[in-house]
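Take a look at the structure below.
The values are calculated or read from the model by the stated rules, or taken from the named source; none is laboratory data. Source: prediction; values computed, not measured. For neighbour counting, all protein chains shown are included, and Cβ atoms are generated from backbone atoms with ideal geometry for every residue, glycine included. Just so you know, the surface numbers come from the protein's heavy atoms only, side chains and all, with ligands and any DNA or RNA stripped out. Shrake-Rupley method; radii C 1.70, N 1.55, O 1.52, S 1.80 Å.
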Amino acid sequence: MNPDLVVIGGGLAGSEAAWQAAQRGLRVSLHEMRPNRPTGAHATDRLAELVCSNSLGSNLPDRASGVLKTELRSMGSFLLACAEETAVPAGGALAVDREAFAELVTARVEGHPRIELVRSEVERLPAGPAIVASGPLTAPALAAELQQWLGGPHLYFYDALAPIVEYESVDLAIAFRASRYGRGEVLDGDYLNCPLTRAEYDNFVAELVKAERIALREFEADIASGVRAGPDKFFESCLPVEIIAERGLESLAYGPMRAVGLRDPHTGRRPYAVVQLRQDNLAGSLYNLVGFQTNLTFSEQQRVLRLIPGLGQARFARYGMLHRNTFINSPRTLLPTLQAQQRADIFFAGQITGVEGYMGNVATGLLAGINAARLLAGEELLTLPATTMLGALCWYVTHADPDNFQPMKANFGLLPALERAANGRDGGKRERFGAYAARSADDLSAYLAAAKFEAVDDGGGSHRATVALLHAAAPAAVRAPGF
């Protein structure tokens, strides 16, 4: 194939970008270096492999991640359609069977008549149009090329992965199934909950803090601060559980081990703390420890995590680990269209731009693929309104302070403030979130209509119109102008 567009990286962003461009008539060469060059974090050679959690975030239309998903549905996201076809119960969130999801994405990409999947490492930027979606584990040769081409040093930090255990090894005489406040898709709850008393919690934290870790060499001294992404720092939402524990005895009890909204049916009381396990595959045979990213040695993971009630005989299908995460200084290098400032036919997408979260990666891949196709067709590129979640993410990564740039997930704090109601009342949180969602729907719909945008087939057989879902998230009074 003589491609019109080269896409570097077969992760979430690259797979979405390749599909969007190919569906708009471009011949696309999608390069993925696995399995010829492994990454250390991926386990397979499949496209769109999820290496951390299997949750794609909230599915509720008035939550930040839910707003982003609704925008993506309205724009015909390929990967979101695949995720919904391989979903597993997760309460108000969208979680997938990670193997089925990756297999479906791979099969559909390989079967696309205008996409050529090339299993090779790309070491230099192509001479023609390209989308760089090489992700957080960009190979050294391409990283060096990008550093020289963009100028200045790369920023990087480490992400942490949570362990996965076999369902049959969980002691259900201790662990109980429930969702917080009874919210969930499964009648008796979407999560397995391992309850801890105060004494059990104190002992667990003490052992966790002193457990042996895999050495991080010169980075060790900077880990504890963890709140500023940049050289040698952790992104806060992926902070290893042992680092959270070092911040104070109660840090975990108010963090990933909080027990709010849960009652142990064995005792009739709320536990002092809990460890939640979330279904990781459709068969329900694997569960991941929610929020338990870790850098403990494998033997110490066995010893310490088996102190958790219900996991005394746990069998680990995957241990937690850390992996390197490379991203560019986007405020110095990118435009809101995701084009490189230095060259209009080079786009960036995914985690390498500083966008965090699975759906943020998918979303930037979608926009980069669409804009690459529009560029080659001589059409005006999309710069989405900052009142939409995707528009706000792109605005953030291209306009943040470049000297203190840190990765960002979808959140309502990125959006412009709402107008106050005539009576000066701000409304409650749910009202505000619903108003943000409704404004996003209105502004995106108007913008796409003006841009003569048409969503392509998302691969699931049909495009799903969802603007009505956004409006359903907020009462009419909340959506009224002047809120």
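(1) open to solvent by less than 20 Å² (accessible area, probe 1.4 Å); (2) over 30 Å from F453 (Cα atoms): which one isn't true of Y319, the others all being true?
(1)
Can you give me the number of residues within the range 257-282 that are open to solvent by 30 Å² or more (accessible area, probe 1.4 Å) and under 26 Å from the mean Cα position of the chain (by Cα)?
Adding up the residues that qualify gives 3.
Against the definition (within 30 Å of E99 (Cβ to Cβ), part of a loop (DSSP other than H, G, I, E, B) and at pLDDT below 95), how does P231 come out, yes or no?
no
Would you be able to say whether some residue in the range 73-87 is open to solvent by less than 30 Å² (accessible area, probe 1.4 Å) and farther than 29 Å from P113 by Cα?
no
I'd like to know if the range 97-104 contains one or more residues that are in a loop (DSSP other than H, G, I, E, B), out of contact with any Cys (no Cβ under 7 Å at 6 or more places or on another chain) and within 27 Å of F327 (Cβ to Cβ).
Looking for residues that are in a loop (DSSP other than H, G, I, E, B), out of contact with any Cys (no Cβ under 7 Å at 6 or more places or on another chain) and within 27 Å of F327 (Cβ to Cβ), one finds none in the range 97-104, hence no.
Check off (1) surrounded by fewer than 22 Cβ atoms within 10 Å (Cβ to Cβ); (2) of a type outside the set (K, R); (3) at pLDDT 95 or above for G350 and give me the number that stays unchecked.
It is condition (1) that G350 fails.
How many residues are surrounded by fewer than 16 Cβ atoms within 10 Å (Cβ to Cβ), in contact with an Asp or Glu (Cβ under 8 Å, 6 or more places away or on another chain) and at pLDDT 95 or above when one looks only at the range 398-448?
Looking only at that region, the number is 0.
So N325 fits all but one of (1) within 17 Å of P240 (Cβ to Cβ); (2) touching a residue at least 24 places away in the same chain (Cβ under 8 Å); (3) more than 22 Å from the chain's Cα centre (by Cα); what number is the exception?
N325 satisfies every listed condition except (3).
Do we find a residue being within 28 Å of N193 (Cα to Cα) and either open to solvent by 10 Å² or more (accessible area, probe 1.4 Å) or aromatic (F, W, Y) (or both) anywhere in the range 100-115?
Yes, the range 100-115 contains a residue that is within 28 Å of N193 (Cα to Cα) and either open to solvent by 10 Å² or more (accessible area, probe 1.4 Å) or aromatic (F, W, Y) (or both).
Any chance you could count how many residues in the range 20-31 are aliphatic (A, V, I, L, M) and part of a strand (DSSP E or B)?
Summing the residues that are aliphatic (A, V, I, L, M) and part of a strand (DSSP E or B) in the range 20-31 gives 2.
Kindly indicate whether any position in the range 326-333 is within 20 Å of E380 (Cα to Cα), in contact with a Phe, Trp or Tyr (Cβ under 7 Å, 6 or more places away or on another chain) and of a type outside the set (D, E).
no
May I ask you to list the residues in the range 160-174 that are more than 18 Å from L282 (Cα to Cα) and at pLDDT 95 or above?
If the condition is that a residue be more than 18 Å from L282 (Cα to Cα) and at pLDDT 95 or above, then D171, L172, A173, I174 are the ones that fit.
Six or more apart or on different chains, Cβ under 7 Å: which pairs go from a residue in the range 248-268 that's under 13 Å from L196 (Cβ atoms) to one that's polar (S, T, N, Q) and modelled with pLDDT of 95 or more? Could you list them?
Taking only residues 6 or more apart or on different chains, the pairs are L262/N193.
Take L104 and tell me if it is under 30 Å from A317 (Cα atoms) and free of Cβ contacts under 8 Å to residues at least 24 places away in the same chain.
Yes.
Filter the range 32-48 down to the residues that are buried (at least 24 other Cβ atoms within 10 Å of the Cβ) and under 18 Å from the mean Cα position of the chain (by Cα), then identify the one that is nearest to A363 (Cα to Cα).
A48
Could you check, for the range 11-19, whether at least one of its residues is assigned to a helix (DSSP H, G or I) and surrounded by fewer than 24 Cβ atoms within 10 Å (Cβ to Cβ)?
There is no residue in the range 11-19 that is assigned to a helix (DSSP H, G or I) and surrounded by fewer than 24 Cβ atoms within 10 Å (Cβ to Cβ).
Among the residues in the range 358-369, are any open to solvent by 20 Å² or more (accessible area, probe 1.4 Å) and either among the acidic types (D, E) or in contact with a helix residue (DSSP H, G or I) (Cβ under 8 Å, 6 or more places away or on another chain) (or both)?
yes
For the range 179-211, which residues satisfy the criterion of being at pLDDT 95 or above, open to solvent by 10 Å² or more (accessible area, probe 1.4 Å) and hydroxyl-bearing (S, T, Y)?
T197
In the range 127-138, how many residues are in contact (Cβ under 8 Å) with a residue 12 or more places away in the chain and surrounded by fewer than 17 Cβ atoms within 10 Å (Cβ to Cβ)?
Result for the range 127-138: 1.
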